[in-house]
1. Magnitude of the Cβ-charge dipole of the stretch 1-77, K/R +1 and D/E -1, about the Cα centre, nearest 20 debye?
2. Would you please state the base-10 log of I(q)/I(0) at q = 0.11, 0.19, 0.21 1/Å for the stretch 526-598, with intensities from the Debye formula using one equal scatterer on every alpha carbon?
3. Dipole of the chain (Lys/Arg Cβ +1, Asp/Glu Cβ -1, origin at the Cα centre): which of Tyr337, Gly388, Val109 lies farthest to the positive side?
4. Sort Glu529, Glu182, Glu245 so that the residue with the fewest other Cβ atoms within 10 Å of its own Cβ comes first and the one with the most comes last.
5. May I ask you to give the average projected area over all directions of the convex hull of the Cα atoms of the stretch 2-228, in nm² rounded to one decimal?
6. Based on alpha-carbon centroids, what's the gap between the stretch 540-593 and the stretch 1-61 in Å, whole number please?
7. Using 0.36 nm per residue, how much length does the chain from Asp336 to Val86 gain when fully extended, once their Cα-Cα distance is taken away?
8. Order these by the 10 Å Cβ neighbour count, fewest first: Glu350, Glu256, Glu222, Glu620.
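No lab work stands behind these numbers, since they all come straight from the coordinates. Everything quoted here is computed from the prediction, not taken from an experiment. Methodologically, a virtual Cβ is constructed for each residue, glycine included, from the backbone with ideal geometry; neighbour enumeration extends over all protein chains shown.
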Amino acid sequence: MCGIAGFFRADRSPEPFVSIDHRRAILDSIRHRGPDAEGDWESADGRCWLGFRRLAIIDLITGDQPMSNEDGTVHLVFNGEIYNFVQLTDELKAAGHVFKSHADSEVLVHGYEEWGIEGLLQRLRGIFAFAIHDARKNRIFLARDQMGVKPLFYRVKGRTLVFSSEIKAILRFPGFDDRSVEKAGLAQFLTCRYVSRPYTMFEGVRKLHEACWISFGLDDHEIGEPKRYWKPSFAVADSPPSFDEALERLDAMLRETVRMQLMADVPVGAQLSGGVDSSLVVAYMQMAREARGESGPIHTYSVGFDEPGFSELKYANMVAERYGTIHNEITVGWADYLRELTQLAWIYDEPIGEPPAVPTYLMCKAAKSDVTVMLCGEGADEQFGGYGKYAFDSYSKYIDWMPSIMRRVLLKTSGALMPFRARRLRAIFEILALHDPAKRYTSWYGAFDSWSQAAILDKDLRAMVGEEFLKRSIQPIIAECDSKSALKRFQYCDIQTRLVDDLLVKGDRMSMGASVEARVPLMDHRVVEFAAALPASYHVKGIETKRLLKKLAERYVPHEAIYRRKVGFTVPLTRWFVGPWASFVCDVLVSDRSLSRGYFRPEIVKRVVQDHLNRKVDREQGLWVLLAIEIWHRIFIDDDGSEEAAARCYDELNIDSRVEAVGAKGV
């Protein structure tokens with residue numbers, strides 16, 4: 001697990017493109033992704049440079065990168081893990097390839113030689129983003145894993161391509177340090193809390209799609225469309241397994257997947273939330289270790305808040321006791337959270353869409369003293385129907401007969417009558433008021449209700465979301481799903497949007513920000529294929545969610561931890577915003593600096609802030625998104641996007657003084 005960066009020039013300039021100082025700055029900006037070693041390589045003609053920061057996990061002695069083939073005509077930098085590399089290594093050795101290391105990265109070099117880029121990608125199981133330079137073809141290839149677990153960004157100017165694991169490194173390349181806001185990205189982030197790939201918050205910087213590859217060579221003047229090498233089918237198999245058969249197959253599949261992902265030459269632990277998904281992962285970890293005759297307990301980690309009602313630590317402890325883990329609890333308060341905001345905004349590159357990102361980072365930071373790898377349960381809700389929104393949305397069909405205007409007026413009026421504490425119920429009514437599925441799908445985790453979305457944006461930005469955004473980003477995804485099931489289309493849309501562009505971003509940035517590798521066994525692409533082809537009723541039936549996975553969990557997880565009200569990893573922002581953060585929110589969002597940016601209508605921002613502070617309407621998510629955008633803007637647009645810029649922002653916001661002042665008053 002590492003950080004990578006590099007460039008390829010299709011034209012030939014007599015001047016070196018990246019100086020020694022630039023190389024140092026580029027790689028230093030992503031040193032948190034790889035604190036153990038650094039390496040780079042430049043081609044003899046100066047057209048290509050590959051840089052690498054290493055977090056050593058497999059083959060600690062000879063696994064450094066960039067990695068090359070026998071004659072030095074192919075060079076690689078790679079971020080991630082290839083879980084089936086042992087089998088592929090044996091196959092490649094049988095074909096005559098000579099290996100000089102025991103690292104999983106080398107299988108990519110020889111696999112590319114043997115099978116080509118497409119043939120290589122078709123054989124891989126893992127999480128990865130990599131760049132391969134082929135001197136014989138004078139071409140560079142960039143590729144990303146099936147589910148988009150590992151990030152890869154790129155930018156093209158003229159006939160020069162630059163790339164990196166994080167945007168901040170791209171901003172350190174000479175000639176690529178301009179930082180203009182992608183207005184459409186900003187508008188979408190305000191409404192959805194993420195930016196759909198290939199776009200980012202930076203004009204000209206693009207995300208490589210998951211399950212895709214691109215290439216750039218001497219004869220190319222621009223990057224072509226990404227080439228997709230894998231896509232799951234959501235159509236139900238012709239002869240689907242029975243529910244009980246599916247249960248047995250899933251059990252066997254998860255045993256194998258977790259066993260493969262325990263591969264490491266460093267200590268491996270687990271993130272244990274107390275929910276079904278992470279609890280199952282811990283159970284399979286323990287079974288795999290026992291099968292291999294390993295002794296010693298697993299290290300598990302949970303995070304909670306010092307606010308009553310915002311912690312699942314009780315259930316995490318149940319699972320930890322059952323499997324005899326060394327369990328570690330991290331408790332986060334409002335002051336801990338506030339102190340981390342600017343540094344994590346820098347690590348994130350874009351505004352932090354998920355409030356749980358901060359405690360996730362604090363958990364990984366605490367775990368770093370014991371482990372370098374952590375397994376977690378991310379992705380199961382999307383695949384196995386774990387969200388309540390899937391059940392609620394299924395009731396839309398019962399009111400589809402209503403004329404659109406009647407439906408909107410009736411449900412929105414009902415939602416408006418809800419009290420301040422009924423934020424979720426209000427949101428359900430407001431979303432079900434939308435007749436169009438694409439609008440509903442994007443609203444379930446939106447920051448604002450439909451009125452606020454339309455009202456708060458400046459008119460030019462408003463034109464970039466709404467119908468235009470749906471046509472460009474959401475409707476094509478729904479249309480390409482090969483299932484007619486409303487539930488499965490919703491799941492497919494979630495996997496193609498919020499999961500890859502929001503939740504996986506949180507998992508990658510916060511774990512790697514603490515120099516910890518997070519693995520996601522429930523998102524192995526073969527598990528995804530299996531779940532996608534099952535009947536929708538195996539996942540959600542009536543108000544019962546995640547049916548198959550919960551039934552499987554009955555074998556390994558305490559019953560009370562399975563069948564309880566789903567809380568999720570919820571941050572107590574509503575309470576903080578009307579309590580210890582009240583003056584901070586007001587000072588930042590209603591400041592002349594924030595209101596004068598021209599993105600939002602000042603009078604609506606003031607109204608949103610006051611509605612929440614006066615406990616009239618709970619705008620927790622909206623306030624969070626506005627804060628995230630403003631802090632990001634101060635670091636990356638107003639300033640130079642460096643780590644020092646994050647420190648300057650911290651001082652400008654008077655974080656220490658605010659914490660001391662509120663602490664002195666008592667909360």
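1. On the way: 9 positive and 13 negative charges, 64 e Å.
Approximately 300 debye in magnitude.
2. So the normalised log intensities work out to -0.59, -0.86, -0.99.
3. Value computed over the given set: Gly388.
4. On the way: Glu529 17, Glu182 20, Glu245 10.
Fewest to most other Cβ atoms nearby, the residues stand as Glu245, Glu529, Glu182.
5. Working: hull surface 48.3 nm².
The number I arrive at for the stretch 2-228 is 12.1 nm².
6. Comparing the Cα centres of the stretch 540-593 and the stretch 1-61, I get a distance of 40 Å.
7. Numbers: separation 250, 0.36 × 250 = 90.00 nm, distance 4.27 nm.
Gain on extension, Asp336 to Val86, equals 85.7 nm.
8. On the way: Glu350 24, Glu256 17, Glu222 10, Glu620 21.
Starting with the residue having the fewest Cβ neighbours, the order is Glu222, Glu256, Glu620, Glu350.
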